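Encoded as structure tokens, the structure appears first; notes follow it.
The values are calculated or read from the model by the stated rules, or taken from the named source; none is laboratory data. Predicted model only: the values in this text are computed from it and were never measured. Neighbour counts are summed over all protein chains in view; Cβ atoms, including those assigned to glycine, are modelled from backbone coordinates with ideal geometry. For the accessible areas, the whole protein counts, side chains as well, though only heavy atoms, and no ligand, DNA or RNA atoms are used. Shrake-Rupley method; radii C 1.70, N 1.55, O 1.52, S 1.80 Å.
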Amino acid sequence: MTTSKKNNLKSVLIVLVLVVLANVIGNSFFHRFDLTKDNRYTLSPTSLTIVKQVQNPLSIKVYMQGDLPAEFKRLQQETKQLLEEFQAYNSNIIFEFADPLENDDTSMDNIKDLYRKGLTPINITVDDKGKQSQAMVFPWATAVYDNKEVNIPLLKNIMGASTTQKVIGSVQHLEYSIAEGLNKITKAKQKKIAVIKGNGELQDIMMAKFLLQVRESYHIGPFTLDSVAKNPIGSLEALEKYDLAVIAKPTETFTDAEKQVLDQFIINGGKTLWLIDQVTAEMDSLYNASGATLAYPRDLNLNDMFFKYGIRINPDLVKDEQGSPIKLATGEQGSATQFQEFNWKFAPQVYPNSVHPIVKNLGGIKFDFANPIDTLKNGIKKTILLESSQYSKKIGTPTEINLNSVAEETSPNDYLNKGKIPLSVLLEGSFRSMFENRVLPFEQKTFQTTGKENKMIVISDGDLIKNQLDKNFQPVELGYDQRSGNLYDNKDFLINCVNYLLDDTGLINIRSKDLDLPLLDKEKVYENYTRTQILTIGLPILILVLFGILFTFLRKRKYSK
């Protein structure tokens with residue numbers, strides 16, 4: 001064997017040994033490299049924890065396949081890549097993409113089945129070089145695990161946004177949507193939520209969408225304070241078995257005994273989500289012959305309690321130029337009646353300015369007859385989650401609310417040094433009992449004046465949790481306004497509040513993840529369509545042809561000698 005052959009054989013053996021060694025090391029040490037600037041494909045610690053919970057086969061079916069518009073192809077691609085990341089860390093996760101409209105013979109049956117599951121399609125207008133057409137897309141996935149099934153929304157409905165903007169927002173929330181869905185069907189419910197009743201709070205059907213959403217992750221049940229009058233100690237002991245109490249728009253006065261039960265629940269570590277109206281005013285009362293109603297203060301006997309905790313909800317109304325749209329009849333009655341859209345300033349449309357995980361990356365949140373919140377100094381940390389715009393002010397009560405106010409003219413001078421009114425506040429710290437140095441309404445041997453580290457969220461509008469009812473008296477999606485057709489982020493905000501109060505902050509942090517998604521500007525592409533084709537298609541082909549010619553020339557020159 002010649003020396004050159006020996007050297008070649010030696011090189012081959014070295015390469016084989018290195019390849020085998022690299023495979024052994026690769027199988028022993030698992031790692032994935034994410035070279036994107038924003039670490040888009042790096043799963044968060046929370047997602048990895050959820051993936052480890054999957055002990056049995058978990059199947060995910062994504063209904064985005066086939067001939068999709070360009071924006072949804074991007075969403076499809078991002079979904080596939082993210083699911084591949086989940087699968088890479090746990091082989092029990094299996095996914096597939098399906099096109100429910102692929103077969104014309106079965107497409108209608110498929111659509112009906114998806115509707116029954118609550119997977120509603122969206123109809124979008126596809127604009128291809130000025131030619132418009134309609135397309136139906138199902139931006140949904142379903143996950144099945146141990147005979148449990150959950151729907152996973154892949155498209156986030158951002159009010160007033162274009163399809164491209166919705167896709168960008170959806171990709172930012174993609175990891176959260178998938179991780180939340182998997183968490184619902186793989187993690188056993190542990191924490192309990194009490195929905196307080198007995199003081200004229202909202203009926204269950206009026207907050208059904210909130211309750212149904214929360215029930216997927218937590219145990220939830222009604223808790224009536226009526227029993228406090230006969231057995232206050234027993235009521236307190238029963239309430240302390242819950243982790244969170246939701247008080248949604250009470251309309252009747254709380255007794256001192258009921259306040260002591262709630263106070264000691266808080267002192268002993270119970271979390272609370274307050275949705276309080278300090279003014280009596282309802283939109284339904286405006287739809288009468290006069291188009292007016294009287295707004296007046298509501299006494300719930302909670303002022304001293306909130307004052308001790310460090311806030312005050314004033315019996316005023318917030319009037320905001322950044323209001324919500326409302327449709328009112330104009331012109332003469334009868335066939336000439338037309339409906340016109342106006343800006344309703346007593347329904348502030350709030351866009352979060354805070355970077356707190358509860359509200360980060362949320363869209364508009366709709367209030368109705370909200371009240372101002374004052375924060376007081378008492379050692380409790382207070383974070384303003386939501387506030388009105390800079391062009392807002394307080395309106396004292398009692399006052400008349402009239403639909404004709406939509407026609408009033410205002411100027412920026414009307415709001416000088418009046419805006420940025422707090423509407424939702426997070427309180428964190430060690431609360432002190434409101435009954436400290438006071439006579440107790442009922443005797444309690446376990447009474448405590450200083451509590452454990454705790455937190456609560458106060459929202460100065462009970463209607464924020466309220467869903468509307470359709471013509472068949474069935475609840476519509478929380479945050480959806482039938483009068484304007486807009487969908488607000490009320491539900492996402494409230495679910496974030498619940499998760500944060502119950503210390504499930506991991507999912508919230510996923511939601512607040514920032515991604516940079518550069519997309520083509522369609523208008524610029526259309527304006528320079530030929531140039532774009534030359535740059536993206538023609539130029540690469542030209543480079544390849546020139547390289548081929550140069551390579552052939554150099555090869556002939558080398559071997560012709």
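Within the stretch 62-115, being modelled with pLDDT under 90, of a type in the set (Val, Ile, Thr) and open to solvent by less than 40 Å² (accessible area, probe 1.4 Å) holds for one residue alone: Ile111. Per the listing Asp263, Asp277, Asp284, Asp299, the residue uniquely closer than 30 Å to Phe346 by Cα and buried (at least 22 other Cβ atoms within 10 Å of the Cβ) is Asp277.
When each of Phe473, Phe442, Phe435 is tested for being farther than 28 Å from Asn371 by Cα and surrounded by 12 or more Cβ atoms within 10 Å (Cβ to Cβ), the lone residue that passes is Phe442.
Counting only strands (runs of 3 or more DSSP E) that sit wholly inside the stretch 187-305, those with at least 1 residues that are in contact with a Leu (Cβ under 8 Å, 6 or more places away or on another chain) and among the basic types (Lys, Arg) are 192-197, 271-275. On inspection, Leu426 passes the criterion of being crowded, with 20+ Cβ neighbours inside 10 Å, not acidic (Asp, Glu) and not in a loop (DSSP other than H, G, I, E, B). Residues that are of a type in the set (A, V, I, L, M, F, W, C) number at least 3 in the following strands (runs of 3 or more DSSP E) confined to the stretch 308-410: 324-330, 338-344, 381-387. Summed over the stretch 202-223, the residues that are within 14 Å of Asn467 (Cα to Cα) and either of a type in the set (Asp, Glu) or out of contact with any Asp or Glu (no Cβ under 7 Å at 6 or more places or on another chain) (or both) give a count of 10.
Can you name the residue in the stretch 362-384 that is basic (Lys, Arg) and more than 19 Å from the chain's Cα centre (by Cα) and is also farthest from Pro297 (Cα to Cα) among such residues?
Step one: filter the stretch 362-384 for residues basic (Lys, Arg), giving 366, 377, 381-382.
Now restrict to residues that are more than 19 Å from the chain's Cα centre (by Cα): 377, 381-382.
On the way: Lys377: 25, Lys381: 28, Lys382: 25 Å.
Per the stated criteria, the residue is Lys381.
Restricting attention to the stretch 487-504, the residues that are in contact with a strand residue (DSSP E or B) (Cβ under 7 Å, 6 or more places away or on another chain) and open to solvent by 40 Å² or more (accessible area, probe 1.4 Å) total 1. Considering only residues that are open to solvent by 20 Å² or more (accessible area, probe 1.4 Å) and touching a strand residue (DSSP E or B) at 6+ places or on another chain (Cβ under 9 Å), which ones fall in the stretch 231-256? Those that are open to solvent by 20 Å² or more (accessible area, probe 1.4 Å) and touching a strand residue (DSSP E or B) at 6+ places or on another chain (Cβ under 9 Å): Ala238, Lys241, Tyr242, Asp243, Thr251.
When we screen Val228, Val214 for residues that are over 23 Å from Lys455 (Cα atoms) and crowded, with 18+ Cβ neighbours inside 10 Å, the only hit is Val228.
Kindly establish whether Ile365 is under 25 Å from Pro315 (Cα atoms), of a type in the set (A, V, I, L, M), open to solvent by 50 Å² or more (accessible area, probe 1.4 Å) and at pLDDT 95 or above. Walk me through how you get there before you give the answer.
Numbers: under 25 Å from Pro315 (Cα atoms): yes; of a type in the set (A, V, I, L, M): yes; open to solvent by 50 Å² or more (accessible area, probe 1.4 Å): no; at pLDDT 95 or above: yes.
So Ile365 does not fit the description; no.
Restricted to the stretch 139-162, and to residues there that are charged (D, E, K, R) and free of Cβ contacts under 8 Å to residues at least 60 places away in the same chain, the residue that is farthest from Leu75 (Cα to Cα) is Lys148. The condition of being in contact (Cβ under 8 Å) with a residue 60 or more places away in the chain and either open to solvent by 50 Å² or more (accessible area, probe 1.4 Å) or within 19 Å of Leu426 (Cβ to Cβ) (or both) holds for only one of Lys377, Lys381, that being Lys377. Of all residues in the stretch 242-285, those being at pLDDT below 95 and closer than 13 Å to Val195 by Cβ number 0.
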